2 protein chains.
Amino acid sequence: MRIGELSRRTGVSERALRYYEEQGLLRPQRRPSGYRVYGDADVAAVRRIRVLLAAGLTLAQIVAALPCMVDDDGLLLPSCPELVDELVKHRDRIGEAIGELEATRANLDTIIAAERRAG
Amino acid sequence: MRIGELSRRTGVSERALRYYEEQGLLRPQRRPSGYRVYGDADVAAVRRIRVLLAAGLTLAQIVAALPCMVDDDGLLLPSCPELVDELVKHRDRIGEAIGELEATRANLDTIIAAERRAG
DNA sequence: CTTGACTCTGACGTCAACGTGAAGGTTTAG
DNA sequence: CTAAACCTTCACGTTGACGTCAGAGTCAAG
């Protein structure tokens, strides 16, 4: 398929898809005219990219992560354990932040209750 | 203390500290010379800012959240004592932020589990 | 009273992750 | 055959969270 169809099938803008290629995340084939040609695997690849972005990773980190996330298109690299480490750390930081926010919300609830009693 | 010491004590650059002030997150006193003067409470405030930033919140969101994060250190801004309605809105926004972070973390958990199976 | 560390205010630079638009070539539906 | 739809590269714009000077004022110590 060409870039327009991939865009529709993934919900990712054409501009973003070209940008992902520029960053080394996608490597579509080319027609003599220069048109990019994608395969079905690229649909899955784009979705993985999106999931990782949604998880707060940067494209640079994703470039490093993709070889580890193979379903069939390559080999596991030694960078994998490090990657898992990074992901776990990232998750833990998010967990801390959630804890902070929950404490904040509890504080806020106390204040609201106090003000209701006072007012 | 002045900005240099706050920077050392928090590990946050002086530029960042001035930026936080510019964005309304810090309100240090000033000497006649213009030098910023911070208190111990600001050390805690900066750490909270960093935790929230690490969680992926923007400074704008943090600006909205900080007034509600009272520990008793005088960080109350006019919006807080004002209306319980405001506080409830703030609390709900915090709740939304928690929800987003939890979704992000769930994403990460899925990825981590998948990679562990693969590796 | 001068040195050297510290601080101030601009103001431009950067990086990420795209968006937007120009100027023009290609493919396809009717 | 033509117009729409799609494609190309080039290149500047945007937002967020700062970095990095420049040029000038401030302050504690010798």
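Which residues, taken from the range A:38-49, are in contact with a helix residue (DSSP H, G or I) (Cβ under 9 Å, 6 or more places away or on another chain) and either of a type outside the set (D, E, K, R) or modelled with pLDDT under 85 (or both)?
Matches in the range A:38-49: A:Tyr38, A:Val43, A:Ala45, A:Val46, A:Arg48, A:Ile49.
Against the definition (within 12 Å of DNA strand C (Cβ to nearest atom) and under 15 Å from the mean Cα position of the chain (by Cα)), how does A:Ala44 come out, yes or no?
Values: within 12 Å of DNA strand C (Cβ to nearest atom): no; under 15 Å from the mean Cα position of the chain (by Cα): yes.
Here the answer is no, as A:Ala44 does not meet what is asked.
If a residue counts only when it is outside the structural domain of A:His90 (by TED's automatic domain parsing), β-branched (Val, Ile, Thr) and open to solvent by 40 Å² or more (accessible area, probe 1.4 Å), which helices (runs of 4 or more DSSP H) contained entirely in the range A:2-56 have at least 1 such residues?
On the way: elements: A:3-10, A:14-22, A:40-54.
The qualifying helices (runs of 4 or more DSSP H) are A:40-54.
Just for the range B:15-64: of the residues that are within 14 Å of chain A (Cβ to nearest Cβ) and without any contact (Cβ under 8 Å) to a residue 12 or more places away in the chain, which one is farthest from DNA strand D (Cβ to nearest atom)?
Among those that are within 14 Å of chain A (Cβ to nearest Cβ) and without any contact (Cβ under 8 Å) to a residue 12 or more places away in the chain, it is B:Val51.
Collect the residues in the range B:57-75 that are modelled with pLDDT under 75, under 28 Å from A:Ala54 (Cβ atoms) and either touching a strand residue (DSSP E or B) at 6+ places or on another chain (Cβ under 8 Å) or in a loop (DSSP other than H, G, I, E, B) (or both), keeping them in residue-number order.
Hit for the range B:57-75 is B:Met69, nothing else.
Conditions: (1) modelled with pLDDT under 80; (2) more than 8 Å from every other protein chain (Cβ to nearest Cβ); (3) open to solvent by 50 Å² or more (accessible area, probe 1.4 Å). B:Asp92 meets all but one. Number of the miss?
(1)
The values are calculated or read from the model by the stated rules, or taken from the named source; none is laboratory data. Everything numeric in this text was worked out from a predicted model, so none of it was measured. Virtual Cβ from ideal backbone geometry, glycine too; neighbours counted across all protein chains shown. Side chains are part of the model used for accessible areas, which takes the heavy atoms of the whole protein and leaves out ligands, DNA and RNA. Shrake-Rupley method; radii C 1.70, N 1.55, O 1.52, S 1.80 Å.
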